[in-house]
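So the structure is just underneath, and the comments pick up after that.
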Amino acid sequence: MIHQTHLLQTSTNGKGTYSLTRQIEELVAQSGVNQGAITILVQHTSASLVLMENADIEARHDLHAFFDHLVPEDTPYFTHTYEGPDDMPSHIRTVLTQSSQTIPIIDGVMALGTWQGIFLFEHRVAPHNRRVAIHIGGA
Amino acid sequence: MIHQTHLLQTSTNGKGTYSLTRQIEELVAQSGVNQGAITILVQHTSASLVLMENADIEARHDLHAFFDHLVPEDTPYFTHTYEGPDDMPSHIRTVLTQSSQTIPIIDGVMALGTWQGIFLFEHRVAPHNRRVAIHIGGA
Amino acid sequence: MIHQTHLLQTSTNGKGTYSLTRQIEELVAQSGVNQGAITILVQHTSASLVLMENADIEARHDLHAFFDHLVPEDTPYFTHTYEGPDDMPSHIRTVLTQSSQTIPIIDGVMALGTWQGIFLFEHRVAPHNRRVAIHIGGA
């Protein structure tokens, strides 16, 4: 039985999606787990974690544009604005997406679909260092 | 200690929600796990997984209608459209809902609430075969 | 190896977010798990679970206001309304947020970020008793 934990750091260049897939695949390969699951948690409230189409970058551009429209930075009733107009929308976009994902490990590899990539979704305009907590459990 | 994995296949008749509850309850019953957790992952980026009211089908119809309004198929700024007008909305509806769920197993059964059902949420208009990866861990 | 499960009850005073962080931190401390993960599931379809900014209560007020605007109680096409105008919006707000979260446990504590709190998000107007199922697994 294996229970491993890791803390990753990743830097962003502001708003957008950043692939974590390869880095996490390597952790799973090194873990020695054949049947189990991996949990990935973004430790922030203004960046989140999504499973998204990994082939066509235009799909991710459309995703970014959609969230800009859905949670506008100039929403008139927001009061939590002292870090800037992207502060409160970042919290809401985080809640509307995911902070954690758990993915089965089958025969030693993450059981993602062919087109599924794991992306950190940065919601702040400024570059940030982001931390990701990971647990791998199985046998 | 038990670590089991499964791959299920399910077919859809196009947009809508499809119950997986009974099939997954049976896997939990057969697993022999008394205290543990089950993780369910839909291995696609245009279909997702929701825990939703399981009694009144009108609640699910309203859910479908809401997502049709929230992410319209004729959104003018979408560029990832070569698979049709339902392509990009499907990716976004997936990100706005969930791809995976983890549910505690207590005394040998999934600890769902009375009204919670597990549904695959198909976002594409055409029928699809969908794969679901599962991990059951516990003792 | 440890596999523990718990059922918590919490009461709400109607719509809003209610912190579960301290109560869950205590369960993790008592579990004896050093490396592992905790899964938390709200067993309802009209209340959900979010990881949200834990310092400024105005951020949560803005969050509540946003969901009131995004899923209006007077949406004209809703048909599942026999429990009142807050019934169907509650189901949709649950699906748009999360029902479960899994959080790594590292060195004996939940690996939450500094600003992350665990909140039950009550979507119904009337006070409710809510149940939360928990699994802690690890070593």
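When chain C is treated as a Gaussian network with alpha carbon springs shorter than 10 Å, the biggest mean-square fluctuation among C:His80, C:His64, C:His44 belongs to C:His80.
Axis of helix C:21-31 versus longest Cα principal axis of chain C: the two differ by about 30°, to the nearest ten degrees.
Please report B:Asp68, C:Asp87 as a ranked list, fewest other C-beta atoms within 10 angstrom at the top and most at the bottom. Walk me through the intermediate numbers first.
On the way: B:Asp68 16, C:Asp87 21.
With the fewest neighbours first, B:Asp68, C:Asp87 line up as B:Asp68, C:Asp87.
When B:Asn34 is represented by a point 7 angstrom out along its Cα-to-C-beta vector, the spacings to that point in the other copies are 2.6, 2.6 nm, nearest first. Sorted ascending by nearby beta carbons within 10 Å, beginning with the fewest, C:Leu41, C:Leu96 become C:Leu96, C:Leu41. Counting, for every residue in A:27-35, the Cβ atoms of other protein chains within 10 Å of its Cβ and taking the mean gives 1. Taking the centroid of alpha carbons for each part, segment C:118-134 and segment B:15-90 are 23 Å apart.
Taking a ≥ b ≥ c as the square roots of the Cα gyration tensor eigenvalues, with a/c under 1.5 meaning rounded and otherwise prolate when a/b beats b/c, else oblate, which class fits the protein assembly as shown? All intermediate terms of the calculation are to be shown ahead of the outcome.
Details: a/c = 1.20, a/b = 1.20, b/c = 1.00.
Cα axes put the protein assembly as shown in the rounded bin.
Only the Cβ atoms of Lys and Arg (+1) and of Asp and Glu (-1) were treated as charged; on that basis the dipole of chain C about its Cα centre amounts to roughly 420 debye.
Can you show me the helix-derived [θ] at 222 nm for chain C, built from DSSP H runs with n ≥ 4 at -39,500 (n - 2.57) apiece and divided by the number of residues, rounded to the nearest 500.
Working: 3 runs with 35 residues, N = 139.
Computed ellipticity for chain C at 222 nm equals -8000 deg cm²/dmol.
Could you compute the net charge surrounding A:Asn54? Neighbours are other residues with a C-beta less than 13 Å from the C-beta of A:Asn54; K and R count +1, D and E count -1. Could the numbers behind the result be given before it?
On the way: positive: A:Arg22, A:Arg60; negative: A:Glu25, A:Glu53, A:Asp56, A:Glu58.
Result for the local shell: -2.
Among A:Ile38, A:Ile105, A:Ile57, the residue with the largest mean-square fluctuation in a Gaussian network model of chain A, with springs joining Cα atoms closer than 10 Å, is A:Ile57. Label-point spacing at A:Ala55 relative to the other copies reads 4.3, 4.4 nm, in ascending order, each point sitting 7 Å out from Cα along Cα→Cβ. Taking Cα atoms, how many degrees apart are the long axis of helix A:57-70 and the longest axis of chain A, rounded to 10 and kept between 0 and 90? Around 50 degrees separate the two axes. For a paramagnetic label modelled on A:Thr114 (point 7 Å from Cα along Cα→Cβ), amide N atoms under 18 Å away belong, within segment B:87-117, to B:87-88, B:91. Under the shape rule built on the C-alpha gyration tensor, where the axes satisfy a ≥ b ≥ c, chain A is prolate, since a/c reaches at least 1.5 and a/b is greater than b/c. Take B:Val125, push a point 7 Å out from Cα through the beta-carbon direction, and compare it with the same point in every other copy: 3.9, 3.9 nm, smallest first.
Considering only A:Val95, A:Leu27, A:His80, the residue lying farthest towards the positive end of the dipole of chain A is A:Leu27, judged by Cα position with unit charges set on Cβ. Taken residue by residue and averaged, Cβ atoms of other chains lying within 10 Å of the Cβ of B:128-134 number 3.
Cβ crowding within 10 Å ranks A:Phe121, C:Phe67 as C:Phe67, A:Phe121, fewest other Cβ atoms first. Positive contributions from Lys and Arg (+1) and negative ones from Asp and Glu (-1), summed over other residues with Cβ under 11 Å from the Cβ of C:Tyr82, come out at -4.
A short reminder: the numbers here are calculations on the coordinates, not readings from a lab. The model shown is predicted, which means the values in this text are computed figures rather than measured ones. All Cβ positions, glycine included, derive from the backbone under ideal geometry; neighbour counts span all protein chains shown.
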